[in-house]
Amino acid sequence: MKLISIDPPSQGVVTGITYHDVMGRGVIHPVRQIQNNTSVTFSDANGRDRNCRSDADGRYVILLPPGKYKVRTKHSPYDGATPDVKEFYNLGMIEVREGATRIEDLILSTLHVD
């Protein structure tokens, strides 16, 4: 029997904390209001989405292939609640590098969607 070695695909790590922009100025307020249960979407140049969700402490982590990604988030304050969904779009572009860990805290400004 011959063993074949297969290299795993190269990936990078993106991790951070999701915060709510309490003052509406695009910065983290000293109180640092954590935004938990937030869906974080990373879209590559081909439009392929990869998703993760922040935990109770607002922390998220995802493994991604190297490349540039558009970052979007979506937050619902109650599980399964759709009428009061808050959406936050276009948080910018990030670049993921092979074998690297990128810390990307996300500052969210509220936008109610009807």
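The values are calculated or read from the model by the stated rules, or taken from the named source; none is laboratory data. This one's a predicted model, so the numbers in the text were calculated from it and none came from an experiment. Cβ placement follows ideal geometry from the backbone for every residue including glycine, while neighbour counts extend to all protein chains displayed.
Brief remarks follow.
- Asp105 being within 13 Å of His20 (Cα to Cα) and modelled with pLDDT of 85 or more: no
- With respect to (1) at pLDDT below 80; (2) out of contact with any Ser or Thr (no Cβ under 7 Å at 6 or more places or on another chain); (3) not charged (D, E, K, R), the lone exception for Gln11 is condition (1).
- Qualifying residue in region 71-88 (condition: part of a strand (DSSP E or B), modelled with pLDDT of 90 or more and hydroxyl-bearing (Ser, Thr, Tyr)): no
Residue-by-condition table, conditions (1) touching a Cys at 6+ places or on another chain (Cβ under 9 Å); (2) surrounded by fewer than 17 Cβ atoms within 10 Å (Cβ to Cβ); (3) charged (D, E, K, R):
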position: Gln35; (1), (2), (3): no, no, no
position: Asp44; (1), (2), (3): no, yes, yes
position: Ser54; (1), (2), (3): no, no, no
position: Asp57; (1), (2), (3): no, yes, yes
position: Tyr60; (1), (2), (3): yes, no, no
position: Arg72; (1), (2), (3): no, no, yes
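- Some residue of region 94-102 being assigned to a loop (DSSP other than H, G, I, E, B), farther than 14 Å from Ile17 by Cα and at pLDDT below 85: no
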